[in-house]
Amino acid sequence: MLAAEDLAHVPVLASVPPDDLARLAQTAGDVRLAPGDYAVHEGDERSLFVVVSGRIEVTKLVDGIERVIGARAPGQIFGEVPITFGTPYQGSYRATEATRLMLISARQFHALAATQTEVLTKVATLAAERIGGLRGIATAPFKARAVMLGHASDDRVRELRTFLTRNQISYDWIAPDAPDRATRWTGPTLTEDQLPALVCDDGSLLTQACSRDVADHLGLQTRPRSDSYDTVIIGGGPAGLAAAVYGASEGLRTLVVEREAPGGQAETSSRIENYLGFPTGVSGDELARRALQQAVRLGAEIMVTRRAAQIDPARKTVTLDGGITVQARSIILATGVSWRRLSTEGFERLLGKGVYYGASRSEAGTTQGQDIHLIGAGNSAGQAAMFFSNHARNVTLVVRGASLEASMSKYLVDQLRCKPNITVALQSEARAVHGDKALTALDLFDRASGTSQRVNSGGVFVFIGADAETAWLPDAIARDERGYVCTGEVVAKLGRWPLERDPYLLETSVPGIFACGDVRASPVKRVAAAVGEGSMSIAFVHQFLAHASRPPAS
Ligand SMILES: Cc1cc2nc3c(=O)[nH]c(=O)nc-3n(C[C@H](O)[C@H](O)[C@H](O)COP(=O)(O)OP(=O)(O)OC[C@H]3O[C@@H](n4cnc5c(N)ncnc54)[C@H](O)[C@@H]3O)c2cc1C
């Protein structure tokens, strides 16, 4: 417990009478931190801290990068802005050495301030000064972490832009023929075959750049840091990230293997309206951003641009593309689903050159002022139509059926009707796409009249449903006829369960390998379900590990 003498050197409390100071010392929290421990995180609720001994550094995420923006030494306080203005913390506070803090709760502070107005004045004055400092950070000129040079029509440019956006890395993209190229492109003169090229903030120049090189140079993790983990989670969508948050927070050595970037399908959703706790909806990328930060803060390793290529069910190893193998005590499959393909004439040739499966928000710029077409009648297509209608000139939703109501939520159908630049072409099909180097037109077939017309198109985005991509899994992991992974009592009923104990709810036909989210054979394909199952899977991992480490019954 703290004593009044511990606070004698704190200027903010200098005017507090000894008895009151002694009472405060006795009732306040006595927090001891090891180097690297956090007192509070950005976004936490208000409170006030006094540094009794040690040292605290203040960090803030600015444009996705953690910056150290200040420090606190013994006798200094932090939390003055939240406590004065009733806001959450605007930065995180981390010990750089063994540190002791006094924690004054909001209630204690207001009780103290009611009788000790000088304390209130001093804290409020410090808060006003700090606000000035934070404003300086917010108004600092924007500096992109990477500058990319490449053609809009180049598929690799699109892939890199999506990759950077999904990894929350700020970048500036310059088309080689842009009039202001000379002022924005900081790299050397390059030939066409060296594009796409990037200058990264570590000064390196990447030519013919690919996602993994870019990830390596921008400090993203692309290799495991260890040979073995308590749990290896394959897939970094909502299910995988939820499992990572729970796994890491519960002390499991946790690795997430993600072939692209964290966020999964949800990242492409412009507004998820039905996720609990977000009354006005939340965009998929915002949800993914928060989940990623949370998982990393709690200690999970998130590896990007690595595909899990093989699982050895007997040895519980996961082999990644590139040949790296990691040992796992448990494995969680959270690989979700991938967009179903259309065999429409011209699609394969123009894929990535105006024809896309799904859509990410980074596509918005390329549809600016264009007439675009979205194929599909589900919520994904509806959400994308709403999103693109703020960028494209006209958005046409191409729907095979006679109405949208059967396949799309009512709130979305209502929203679409209110947008003057969205047209719904019912009983219609895309029969062919045209264009030399990039998409220029689409043949729209009217099923009611049996006629076809060619319309100009600046982009065709396909949302016709998705399938589990699980052909790479070993036969030992049972799947249904559509490739979804069977779990729990289903594997028992199939006669695929090898142990005496029952399988856990999310356990596959291989003990210790679990499946959660969209990849699991279940009728519910939703963010909330994926997050719930991802979280639950960790509870089953604990049970499995506890069971596995028990000595065999004699
Ligand atoms: C446009 C759109 C809008 C949506 N809107 C809503 C909505 O409003 N409300 C709602 O509840 N749901 C919505 N959904 C559905 C929701 O996004 C999914 O149910 C949810 O994302 C499923 O999460 P998941 O983690 O199981 O799988 P996914 O999100 O599919 O994530 C799987 C991840 O695994 C990775 N992966 C796959 N295979 C491998 C491998 N071999 N190695 C490494 N990584 C791999 C993928 O790259 C991906 O990142 C929407 C979906 C879309 C596409």
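Structure values in brief
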quantity	calculated
Residue-normalised accessible area of the chain, expressed per residue, 1.4 Å probe, Å²	46 Å²
Rounded to 5, the percent of DSSP beta bridges in the chain classed as antiparallel	60 percent
Highest average packing first - 312-319, 428-435, Cβ atoms within 10 Å	428-435, 312-319
Rg/Rg_globular for the chain, with Rg_globular taken as 2.2 N^0.38 Å and Rg from C-alpha atoms	1.13
Angle in degrees between helix 117-138 and the longest Cα principal axis of the chain, rounded to the nearest 10	30 degrees
Rg/Rh for the stretch 1-100, where both radii come from Cα atoms and Rh is the Kirkwood radius	0.98
Sequence-distant lysines (8 or more away, or on other chains) whose Cα lies within less than 22 Å of residue 437	353
Under 20 Å from the Cα of residue 60 - lysines, other chains or at least 8 residues apart	143
With Cα atoms, 0 to 90° folded angle of helix 284-297 axis to the chain main axis	50 degrees
Full-stretch length increase - residue 121, residue 345 - with 0.36 nm per residue and alpha-carbon distance subtracted	73.3 nm
Neighbour-limited loop hits for trypsin sites (Lys or Arg not before Pro), the stretch 185-270 (at most 16 other Cβ within 10 Å; DSSP other than H, G, I, E, B)	225
Karplus-derived 3J(HN,Hα), 6.51/-1.76/1.60, for each residue of the stretch 492-502, Hz, glycine and proline x	5, 5, 6, x, 9, 9, x, 9, 6, 5, 6
Under 5 Å, built H, 5+ apart or other chain: amide partners of residue 375	398, 461, 462, 463
Binned Cα-Cα distances of the stretch 314-388, short to long, each 5 Å bin given as a whole percent	3, 10, 18, 16, 13, 8, 9, 11, 8, 2, 1
Built amide H within the under 5 Å cut-off of residue 521, gap 5+	485, 486, 487
Extended-chain gain in nm, criterion 0.36 nm per residue less alpha-carbon gap, residue 9 and residue 87	25.3 nm
Of all accessible heavy-atom area on the chain, the percent that carbon and sulfur account for (1.4 Å)	52 percent
Under 17 Å from the residue 172 label point (7 Å along Cα→beta-carbon), backbone N, the stretch 187-222	187-190, 197-206
Residues whose placed amide H lies under 5 Å from that of residue 466, excluding near-sequence neighbours	340
Surface/4 of the Cα convex hull for the stretch 205-297, nm²	7.3 nm²
Semi-axis lengths (Å, descending) of the ellipsoid that matches the C-alpha gyration tensor of the stretch 277-316	30, 13, 11
13 Å beta-carbon shell around residue 319, net charge (K/R +1, D/E -1)	+1
Candidate aspartates and glutamates - alpha carbon under 14 Å from residue 493, same-chain residues fewer than 8 apart omitted	480, 502, 507
MRE, 222 nm, helices only [DSSP H, n ≥ 4, -39500 (n - 2.57), over the chain, to nearest 500]	-8000 deg cm²/dmol
Segments 186-197, 114-125 sorted - mean Cβ within 10 Å per residue, highest first	114-125, 186-197
Approximate shape of the stretch 158-253 as ellipsoid semi-axes (Cα gyration tensor, √5λ), whole Å, largest first	35, 14, 11
Shape category assigned to the stretch 232-352 from the gyration tensor of Cα positions, a/c cut at 1.5	oblate
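The values are calculated or read from the model by the stated rules, or taken from the named source; none is laboratory data. Every value quoted in this text rests on a predicted model; they were computed, and no experiment measured them. We place every Cβ from the backbone using ideal geometry, glycine too, and count neighbours over all the protein chains shown. Note: areas computed on protein heavy atoms with side chains; ligands, DNA, RNA excluded. Shrake-Rupley method; radii C 1.70, N 1.55, O 1.52, S 1.80 Å.
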